[in-house]
Structures are given as C-alpha cells and as structure tokens.
Amino acid sequence: MAEDDSYESMLCVKPEVHVYKIPPRASNRGYRAADWKLDEPAWSGRMKITAKGKKAFIKLEDRNTGELFAQAPVEEYPGTIVEAVTDSSRYFVIRIEDGNGRHAFIGLGFADRGDSFDFNVALQDHFKWVKQEGELAKLEANPSTQPKLDLSFKEGQTIKISIGNIKKKDGGGAKARPTPGGLLPPPPSGAKVGGVTPPPGGHQPVPAAQATAATLLDFGSPSPATQPSADLWGDFTAAGPNSNKDAVKSGWVQFS
C-alpha cells in the first residue's frame, strides 16, 4: 500500500484523560507516578490517536469545543516519545511539541485501566503495520533476495507413483451367441411352447393311417392333397357319367 500523507485515520478515542506536571527525573531508573500530584491534574479533556502515513499523533483536545490543547507526534513505539511509568499501568510520560521546535514532557493518566490498555494496543498495532509495510517494500525493491523454490530432481533421485483402486468396467455378462440362419435355439426340455407342454421325445407322433393315406395320394401333383375321409378306401362305384366327378370329390383318380 502506497503511503498517502493527505489521509488521516482514527486509531483510538478516549473521552477522559488527565495531564500532570512532572518533576525532572532525578535518575535513569524511570518515571514514577507516585511522585506526581495525582489528585491535582493540570488539565483534563479528551484524547485521540490518529495516523497519517507512517506517523501517529496523540492529540489532547477540549471535550466540549474540540480545541487542540497539545499534541505528540510518534514515529516509533516503544520509544522516547511515549514511555510508561515504573509503578503503574495507567500512567505514561509523553513528549509534546508546539510545531515551532519546542517540546516538553508531561504526565498522561487514564481513569480506567481498560483505557490505558487500548491506548497501548492502538500504538502497537499501528507500528506493527508500519514494520510490515517496510519489509514488503524491501522485497519488492530487491526481488532477487527472495529465496527460490528448487523443484528439480537431484542426481540419482527418482519418484514413485502408486495408482490404486482402479476398477475394470463390467461387460454386463456374456451375450447369447446368435444361431446361424436366424433360427432360435430349441426350448429346453420340459419347457412350454405357446402354453402347451410338448410330449416326451421332442416330436408329436403321426398316426400310421394318416401316413399311409398321404403316401397313396402323393402323385407328384403340385397342389396339396386333400384330407381323406375317415374310410381310407371309400366305396368303389361303377363307371358312369358321374364317376369322374365322384373321383375328384373323393380324391381318387380313375384308372381306365
């Protein structure tokens, strides 16, 4: 993300803070809130933490009019601009500036411990983001410094691929072999054909009388032989005018 100095974001707002005059630090052991007159704050009002680009600003404003009382530009945290006291988590020492090069150190206190925690976290999160942005900018400026992933095979290195759980396609069972000539195979033994059970032996016997009559009537005529009467020989009649008709009707041929 490119830095935009014209945009100012809000990081934290606390409606009530107190400002204290602090005595000069006597040693390098740090500041102690117990040395301040905590029951007599020099000023009380509202605090805002804003960010513009990489820099954060601690602003102390009048809670009614919004008039700026003091502000502390913060370029790093933790650092010398904001320093916690040694005997309490609700009090800090900040360095304020007036914009003309003059600065002073004042004590900043919160009435609630949760407010001081939010103050601390807001500054930490902002400068953590600043650090990440700086690292990304360095990587983009020097892409050759990024480690490259080597996926090439080394000498003598092999790779093994295991393929399992492969199922063959089911052929759906063997198909019946077609009978030559388009004929259907004979039904199994004992099976019904057209609802009628065939007799044992596979073929219906033909009566002997019908076989004899068929042999006698077969004279090579292309027309089919008529069914003989119940009497295989019939009546022999004398030759006469109607004898030929009777012979035709009875299925016999007259011999002359």
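Only Cα pairs under 8 Å and at least 6 apart count here; give the relative contact order of region 22-86 as a rounded whole percent. Kindly include the intermediate steps, with their values, before the conclusion.
Working: 75 pairs, mean separation 17.2, N = 65.
Reported as a whole number, the value is 26 percent.
For Glu16, the residues whose amide H sits under 5 Å from its own are Met47, ignoring neighbours fewer than 5 places away on the same chain, with H placed 1.01 Å from N.
Protein chains only, probe 1.4 Å: how do His103, His126 rank by accessible area, largest first?
Values: His103 95, His126 15 Å².
Solvent-accessible surface, decreasing: His103, His126.
Quick one: Cα centre-to-centre distance for region 41-99 and region 103-143, in angstrom? What the calculation gives is 13 Å, centre to centre. Surface composition of region 24-101: carbon plus sulfur atoms contribute 41% of the solvent-accessible area (1.4 Å probe, protein chains only, all chains present). Spin-label pair Ser44-Arg25: with each label point 7 Å from Cα along the Cα-Cβ axis, the two points sit 2.8 nm from one another. Amide H to amide H distances under 5 Å link Ala42 with Val19, Tyr20, Lys21, where only residues 5 or more positions off or on other chains count and H is placed in the peptide plane. Under 5 Å between amide hydrogens, built in the peptide plane, is the criterion, and for Tyr91 it picks out Val85 among residues at least 5 positions away or on other chains. A Förster radius of 51 Å combined with the Cβ-Cβ distance from Ala34 to Gln132 puts the calculated FRET efficiency at roughly 0.85.
Pick out, in residue order, every one of the GluC sites (Glu not before Pro) in region 34-106 that is DSSP loop and has at most 15 other C-beta atoms within 10 Å; say none if there are none. Intermediate values should be presented prior to the final figure.
Numbers: sites: Glu61, Glu67, Glu75, Glu76, Glu83, Glu97; in loops: Glu67, Glu75, Glu76.
Here the sparse-neighbourhood loop sites are Glu67, Glu75, Glu76.
The gain in end-to-end length when the Ala104 to Ile159 segment is fully stretched comes to 12.9 nm, 0.36 nm per residue minus the alpha carbon separation.
For Lys55 and Ala141, compute 0.36 nm times the residue count separating them, minus their Cα-Cα distance, and round to one decimal in nm.
Working: separation 86, 0.36 × 86 = 30.96 nm, distance 2.23 nm.
So the chain would gain 28.7 nm between Lys55 and Ala141.
The values are calculated or read from the model by the stated rules, or taken from the named source; none is laboratory data. None of the values given here were measured: they were computed from a predicted structure. Glycine gets a Cβ as well: all are built from the backbone with ideal geometry, and neighbour counts include every protein chain shown. Side chains included, ligands, DNA and RNA excluded: accessible areas come from the protein's heavy atoms. Shrake-Rupley method; radii C 1.70, N 1.55, O 1.52, S 1.80 Å.
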